[in-house]
Amino acid sequence: MKSFLHHLWSKRAVRGLAWSLVTLVTLAVLTVQIVNRSGSRALSKIRAELNEEGETLDFAQLLPDSIPDSENFCAVPALHGIADEEAGKSAREALAPFDLKTRTEGETLPALGNSAQTGIPTDLAPWIESLVKNPDGGANALLEILSDQEPVLAEFADALDRPEARWTPQWRERELPAILFAISLPQYNTSQNLARSLALRTLAAAEVGDVQTAHESVRILLRLAEANSQDPCLIGLLVTSSHTSLAANGVWTLCRDRVGSPEDFGRLETSLGRLNLTEATGQAWRTELAAGVSTIESLGNSSKWSQAEWEFLLGSGDIRNVGLIPRGWLFQNAATLAELQWRHGLKPFREGGLVAMQEASGEMEKEILKLRDSPLKWPGSFLATMILPATAATTTNVIHTEVLLTQARVACALERFHLTHRQYPGNLSELGNLSMADPWTGETMQYEKTPGGRYRLWSVGPDRVDDGGQRILDPDHPEKTRFRSKDYLGDWVWDYPE
């Protein structure tokens, strides 16, 4: 034993151990340098390819230019500055009347339904029971409960014709965090409260025949949807989709009950036409890509992050092991993210629109599975696969919303035609130059007059099979029918079943 210890600590053994350590450290350093060089080249390559295609990974370059307050619907006093986490707090709190609460603490609000999709009118009785002390008052009592909102709504109504709608502070006026995914977006909760309240007001006003209130409420709701669509982020697109669906339900009710004049439906059609979901999708995907790459790259400078930024990324605590990852792996992850979103997302979108993007999402999912199953590729892709958005679900959501938006616009034009001619047209071409394409086929949506004196307007839906304008509703819970599911086999229909 003594001989062994003496040998271990002999000069020769120490020299051998030292050389071994030096060799290992040298190999580690060389490996890191190779990884860094390889990752940097990969990121530079995809960045150059995107630049050649007229795209950029610079988030700041993608931000929309600021507009004057006088042209901005969201610059009215009640909404001004609500996108600022601190400075906008008082403005958001002042909109508390739009945050509807049930009379009984702990109960949840009823659903607003999805009439435009199912053809089933929203029942206001649960809402009246939930919000009104005297349920016998009906829809008028519901409007009375909402009367505290009227001063703000009058302010909104006066600004309805402003050409733009963008939350303030506008994006080029905001200070961006190191982690772009950590951008504060406090306006969305307020916007959701406003949208739900406006949707309810529309239905109640339509029931009592209050044309002005009903139409103004939908148009204000659409301006909020427009503001969200102008935000350069994916969550803004999703909130836009939610708002648009609520607005479509309101339009469906107004058309079904024929609440309004040709001029009213003309203004509503114009308001619907302001929304461009295809353009909003392109903007959201570009900024989502740039923000993702920037976030991964910024991990290399994580020593400069604040505790709040670390907690956003990793949760509570001070876990900073990410700093041990070679920068080359971070660059490789950023490059992988950019390549996947470009080749299976943005590029197909540029070439064929939303449907092409939705189709390409299947290839992206296959690529992600390959990367996750490969131990050699995992270090250069694990962050990328975590950050990638759910392309298939999101694009199907937007396509469905775009169909609802188109159907709502056509429905307004059909009601204008009916109010003028006392009948619906024999075919859609009689409505004039109106965009009414079915995104699944690229052709004009299907249309037919029904025996009951109304009409049926439909898209073939995600299965791309024309079922003659037939829905396939959930037999037990029609309102829960999953129209956006890949397994849904019916058409997307706008009609007024008896």
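The values are calculated or read from the model by the stated rules, or taken from the named source; none is laboratory data. From a predicted model like this one, the values you see are computed outputs, not experimental measurements. So basically every Cβ, Gly included, is an ideal-geometry build from the backbone, and we count neighbours across all protein chains shown.
A few points about this structure:
- Residue check: His400 meets all listed conditions (1) on the phi > 0 side of the Ramachandran plot; (2) within 19 Å of the chain's Cα centre (by Cα) but one, namely (1).
- Summed over region 105-144, residues that are of a type in the set (A, V, I, L, M) and touching a Lys or Arg at 6+ places or on another chain (Cβ under 9 Å) total 7.
- Index of the failed condition, Phe483 passing every other in (1) modelled with pLDDT of 95 or more; (2) buried (at least 18 other Cβ atoms within 10 Å of the Cβ): (1)
This table checks each residue for (1) under 30 Å from Ala247 (Cα atoms); (2) free of Cβ contacts under 8 Å to residues at least 24 places away in the same chain.
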site	(1), (2)
Lys366	no, yes
Asp373	no, yes
Leu383	no, no
Thr394	yes, no
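- On inspection, Thr406 fails the criterion of being touching a Leu at 6+ places or on another chain (Cβ under 7 Å), among the hydroxyl-bearing types (Ser, Thr, Tyr), in a helix (DSSP H, G or I) and within 23 Å of Arg274 (Cβ to Cβ).
- Being part of a helix (DSSP H, G or I), among the hydrophobic types (A, V, I, L, M, F, W, C) and within 30 Å of the chain's Cα centre (by Cα) holds for only one residue in Ala154, Ala141, Ala178, Ala111, and it is Ala154.
- Of all residues in region 130-151, those that are touching a residue at least 60 places away in the same chain (Cβ under 8 Å) have Cβ atoms under 8 Å from Cβ atoms of residues that are in a helix (DSSP H, G or I) and among the basic types (Lys, Arg), 6 or more apart or on another chain, in Leu143/Arg201.
- Among the numbered conditions (1) within 18 Å of Ile220 (Cβ to Cβ); (2) touching a residue at least 40 places away in the same chain (Cβ under 8 Å), the only one that Gln117 does not meet is (1).
Every residue, every condition in (1) surrounded by fewer than 17 Cβ atoms within 10 Å (Cβ to Cβ); (2) at pLDDT below 95; (3) under 21 Å from Ala225 (Cα atoms); (4) not polar (S, T, N, Q), yes or no:
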| residue | (1), (2), (3), (4) |
| --- | --- |
| Asp65 | yes, yes, yes, yes |
| Asp69 | yes, no, yes, yes |
| Pro77 | yes, no, yes, yes |
| Ser90 | yes, no, no, no |
| Ala94 | yes, no, yes, yes |
| Phe98 | no, no, yes, yes |
| Thr104 | yes, yes, no, no |
| Glu107 | yes, yes, no, yes |
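- Residue tally, condition at pLDDT 95 or above and over 29 Å from the mean Cα position of the chain (by Cα), over region 451-466: 2
- Complete set of residues in region 347-376 that are polar (S, T, N, Q) and within 25 Å of Gln332 (Cβ to Cβ): Ser361, Ser374
- The helices (runs of 4 or more DSSP H) found entirely in region 308-387 that carry 3 or more residues being at pLDDT 85 or above and not aromatic (Phe, Trp, Tyr) are 327-341, 347-373.
- Residue ID - nearest to Leu383 (Cα to Cα), chosen from residues in region 341-351 that are within 20 Å of the chain's Cα centre (by Cα) and not basic (Lys, Arg): Gln341
- Pairs where the first residue, in region 30-59, is at negative phi and the second is at pLDDT 95 or above and among the aromatic types (Phe, Trp, Tyr), C-beta under 9 Å, 6+ apart: Ile46/Trp342; Glu49/Trp342; Leu50/Trp342; Glu53/Trp342; Glu55/Trp342
- Here Arg201 clears all of (1) farther than 19 Å from Phe73 by Cβ; (2) among the charged types (D, E, K, R); (3) crowded, with 24+ Cβ neighbours inside 10 Å except the condition numbered (1).
- Checklist (1) in contact (Cβ under 8 Å) with a residue 40 or more places away in the chain; (2) part of a loop (DSSP other than H, G, I, E, B); (3) more than 14 Å from Trp171 (Cβ to Cβ) applied to Gly81, failing item: (3)
- Looking across region 409-465, the residues that are assigned to a helix (DSSP H, G or I) and farther than 15 Å from Phe265 by Cα come down to Leu428, Ser429, Glu430.
- Remark: pairs (first residue in region 278-292, closer than 14 Å to Gln61 by Cα; second residue among the acidic types (Asp, Glu) and surrounded by 24 or more Cβ atoms within 10 Å (Cβ to Cβ); Cβ separation under 9 Å; 6+ apart in sequence or on different chains) = Gln283/Asp231; Ala284/Asp231; Thr287/Asp231.
- Matching residues, region 411-452, being in contact (Cβ under 8 Å) with a residue 60 or more places away in the chain and basic (Lys, Arg): Arg416
- Only one of the listed residues (Arg454, Arg484, Arg464) is of a type outside the set (A, V, I, L, M, F, W, C), outside the structural domain of Ile399 (by TED's automatic domain parsing) and touching an Asp or Glu at 6+ places or on another chain (Cβ under 8 Å). That residue is Arg454.
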